[in-house]
Amino acid sequence: MRLPMILCILLCCLSVKMYPQADPGQLFICWDTSLSMMDRDVEKDFEFLGKAIANKPDQEIVLYLFGTEVVEERYRVQGGDWSSLKQRLENLPYVGATIYSKLNERIEGKKVYVFTDGNTLFKSDRLLLEKGSIIVNSALARNEDFLKRTALINRARLMDYASILDIGNRQKNANATSSLVTGRVYIDNVPSPHVAIGIKGTDEFYYTDAEGNFSIPAGRNDSLYIRSGEKGVVLDYAVSDMDNNKIFLSSKVVALDEVVLVEERKEKLVTKTTAYGDIDEKRVGVAIQTIGEDEITDINTNVSTVVQNRFSGVEVKSAAPGQEPELGLVKMRTDWTMLGNNYGLVVVNGIPMEQSGSGGAAVARFNFLDPNSIASITVLKGLAATNKYGEIGRNGVLLITTKTAKVPTVNEGQVEDRARLKNNVYDKEERLAAPGDSPFYNLFAQAENLEESFVTYLSLRSLNLDNTKFYLDSYAFFAERDKTRAAKVITDLWELHPDDGRTLKMVELCLSQLGKNELAALVNDQILELDGNNIMAQYNKAHYLGNGSPKGELDALIALRNRGQGFQNLSTSLISKTLDRDIKNLIHQKGGQMDMTQVDPKYQNNVMYDARFVFEWNNPEAEFEIQFVNPQNRFFNWEYSNAKPERIKQGIEEGLTIEEFEFYGQEAKGNWVVNAKFLENLSETDTLPLVLKCHLYTNFGKPNQKEEQLVVYFTQPNEKRNIKSLHVN
């Protein structure tokens, strides 16, 4: 009789220990509502919760529903009846991602019950609990390590039903793949299947899949090599030296098997433009800067805009405040005389042009030059200028060569004269894709209210978990009407693809459009965890610091520009023009809120444009074009494609998925149309949509500057959409 009595007493003690009460009159419950909890065993959760409530039949329950946001609700339980709370939990939608740091702020100092699977989206996220709190999990796909570590660190208790039922194999699978080296092989920038990759010292080979990806059981000290044909070895890579696990090959190399050298081939001559013509760059003993026709975009409407901000130490001045810059007022050195001429010499097709004079003299005009007819522009300074032009070259020389004057080299053929009339008249009747083309979008629009539209979204989601287009169509609908629901929709992709950098970028671009910068910054941090050298993620991280501190943003941008602490390995020169303009504009807009004593004076000279477009996109392996239609109804296209292999390689290897354009001057005034067209992804098997964000500044750098974030997306090749129609004043 005594033994059953002792067992009964022990069970009662265990029950009291397992279900503590932080406050005799309150019970705090934290309920994870993220997408990954959709498959929870809710009956197990209710069983546990019912026992906790039974300890105190009359009490107030404080419910925290948490995901990317935290919602607090309160329920009064009397006589153990918690049916209203149970009904609420039974009918909850599971949507979006989980961010524990959001919850931490609400539960500080409270003993709580947390019902969650522990699936964090980024490594730095932590769940902070009071001693004696309880974590409950009933989901199969949980993060067992996170749950155990959180319970241990916080001295909390863990009830993991998945572990008890021996159905949690997730950690075992993770351990089995922990020694895998993964990566992607590109041939001519295209992800390439069926490439053989081996580990040095073994005879076993592994092959890339349809999208060029590979997984090899190798260690950090191993070396991989690529085999071509039956015998040849093309290249080898040390695993520790692989740049972001991306391997770039040339088809000319990969095609080799056994090669017999039959003749020596002359090294290709690389030339530089000088005052004496094009000569071997190895023979040039002075510093020379040149831009070619590929760097002169069709957006440039006069030659002054081509030169401005393209060469270090070169500045194109205006004749008077508020007027356009004049090429005749180009300066390539500091003013060295108060009475003489300080402006540079402009030479067109070998002929020195009339110079402007200092001190209010006449300004030399160059409006006869069409930017589209220019083949190259070269800056000569110092000896490079005076050796040829003597005294009149002392202020520097600007050499301009037009396409009609360019002499073709042997076998080059006739140079195309792009200055001639082209068939670039824009068709205003062209059919462009629109959000309403989507059947999902139309279904949501047919609902009586937004609540019903969201219920429709939730009902369709289970049938479209792997359909990225579904989430983008849904996002487009809610972004126009309800930013909070739009954020929940797009963060479903975050929860589903936490390790896919291109999808995370898609989420970040959409969140920034919504103005959800705190969430966007967290997604950006996750991208950096996957690839710390991603130049765009570092660039955006610096800007997100401005959410709370303009000075913090400024310091980060300057450090990034100068490759300071933490940025030494980044190719920041690729975005130097963008960084310079951002820094100057931030100082102009918010300099009054910051201590400027330590800021380099070169950043305090602001630049101004009528309009500035900064484009950013999610997929460096997507080919597309941006179209500008000017007030004369002529269009000009900028293309990001493998036709320019070096540019697209920078996107893939460095993360350079940004491009910017500026409008200013009298010729830019009027109505403009900006469109974009998705061409295709580099890999035929890659179906990832392209998301393109345009950060539009009007009256950039001026007191009445305005900003707008625009996002368009593309899911089909050759799909074309309008980004913006605007009037430039």
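Name the one entry in 603, 544 that is closer than 25 Å to residue 120 by Cβ, aromatic (Phe, Trp, Tyr) and part of a helix (DSSP H, G or I). Talk me through it step by step, then tell me what you get.
Numbers: 603 fails: closer than 25 Å to residue 120 by Cβ.
Residue meeting the stated conditions: 544.
Checking residue 533 against (1) free of Cβ contacts under 8 Å to residues at least 60 places away in the same chain; (2) surrounded by fewer than 19 Cβ atoms within 10 Å (Cβ to Cβ); (3) within 14 Å of the chain's Cα centre (by Cα), which test does it fail?
With respect to (1) free of Cβ contacts under 8 Å to residues at least 60 places away in the same chain; (2) surrounded by fewer than 19 Cβ atoms within 10 Å (Cβ to Cβ); (3) within 14 Å of the chain's Cα centre (by Cα), residue 533 is out only on (1).
Tally time: how many residues in region 552-573 are crowded, with 17+ Cβ neighbours inside 10 Å, assigned to a helix (DSSP H, G or I) and not acidic (Asp, Glu)? Write out each step before concluding.
First, the residues of region 552-573 that are crowded, with 17+ Cβ neighbours inside 10 Å: 553-558, 560-561, 567, 570, 572.
Now narrow it down to the ones that are assigned to a helix (DSSP H, G or I): 553-558, 560-561, 572.
Then keep just the ones that are not acidic (Asp, Glu); that gives 554, 556-558, 560-561, 572.
Adding up the residues that qualify gives 7.
If residue 434 passes every condition in (1) out of contact with any Lys or Arg (no Cβ under 8 Å at 6 or more places or on another chain); (2) within 30 Å of residue 629 (Cβ to Cβ); (3) not charged (D, E, K, R) but one, which one does it miss?
Unmet for residue 434, out of (1) out of contact with any Lys or Arg (no Cβ under 8 Å at 6 or more places or on another chain); (2) within 30 Å of residue 629 (Cβ to Cβ); (3) not charged (D, E, K, R): (1).
Here's a check for you: in region 73-95, which residue that is modelled with pLDDT under 95 and acidic (Asp, Glu) is surrounded by the most Cβ atoms within 10 Å (Cβ to Cβ)?
81
Would you mind finding the one in 375, 364 that is surrounded by 12 or more Cβ atoms within 10 Å (Cβ to Cβ), assigned by TED's automatic domain parsing to the domain that holds residue 294, at pLDDT 80 or above and more than 42 Å from the chain's Cα centre (by Cα)? Walk me through it before giving the result.
On the way: 375 fails: more than 42 Å from the chain's Cα centre (by Cα).
When all the criteria are applied, what remains is 364.
Go through region 578-599 residue by residue and tally those that are modelled with pLDDT of 90 or more and of a type in the set (D, E, K, R).
4
Restricting attention to region 585-615, which residues are over 30 Å from residue 425 (Cβ atoms) and among the charged types (D, E, K, R)?
Going through region 585-615, the residues over 30 Å from residue 425 (Cβ atoms) turn out to be 585-608.
Of everything in region 585-615, those that are over 30 Å from residue 425 (Cβ atoms) and among the charged types (D, E, K, R) turn out to be 590, 595, 600, 602.
Would you mind listing the strands (runs of 3 or more DSSP E) fully within region 611-729 where at least 3 residues are within 25 Å of residue 294 (Cβ to Cβ)? Can you show your working first?
Details: elements: 622-629, 635-640, 658-663, 670-681, 690-700, 706-714, 720-728.
Output list reads 622-629, 635-640, 658-663, 670-681, 690-700.
Do any residues in region 587-599 that are without any contact (Cβ under 8 Å) to a residue 40 or more places away in the chain have Cβ atoms under 8 Å from those of residues that are among the β-branched types (Val, Ile, Thr) and outside any helix (DSSP H, G or I), where the two are at least six apart or on different chains, and which pairs are they?
587/599
Could you please find all residues in region 582-599 being loosely packed, with under 11 Cβ neighbours inside 10 Å and more than 24 Å from residue 698 (Cα to Cα)?
595, 597, 598 - these are the residues of region 582-599 that are loosely packed, with under 11 Cβ neighbours inside 10 Å and more than 24 Å from residue 698 (Cα to Cα).
Taking region 672-698 as the search range and keeping residues that are more than 19 Å from the chain's Cα centre (by Cα) and at pLDDT below 95, which one is nearest to residue 622 (Cα to Cα)?
Only one residue fits best here, namely 683.
Please verify whether residue 524 is buried (at least 22 other Cβ atoms within 10 Å of the Cβ), in a helix (DSSP H, G or I), touching a Lys or Arg at 6+ places or on another chain (Cβ under 7 Å) and not assigned by TED's automatic domain parsing to the domain that holds residue 669, treating the condition exactly as stated.
Details: buried (at least 22 other Cβ atoms within 10 Å of the Cβ): yes; in a helix (DSSP H, G or I): yes; touching a Lys or Arg at 6+ places or on another chain (Cβ under 7 Å): yes; not assigned by TED's automatic domain parsing to the domain that holds residue 669: yes.
Considered against the rule, which asks whether it is buried (at least 22 other Cβ atoms within 10 Å of the Cβ), in a helix (DSSP H, G or I), touching a Lys or Arg at 6+ places or on another chain (Cβ under 7 Å) and not assigned by TED's automatic domain parsing to the domain that holds residue 669, residue 524 comes out as yes.
For residues that are within 14 Å of the chain's Cα centre (by Cα), buried (at least 20 other Cβ atoms within 10 Å of the Cβ) and modelled with pLDDT under 95, tally how many sit in region 604-650.
0
The values are calculated or read from the model by the stated rules, or taken from the named source; none is laboratory data. These figures come from a predicted structure and were not determined experimentally. Because the Cβ atoms are built from the backbone with ideal geometry, glycine has one as well, and the counts that use them run over all protein chains shown.
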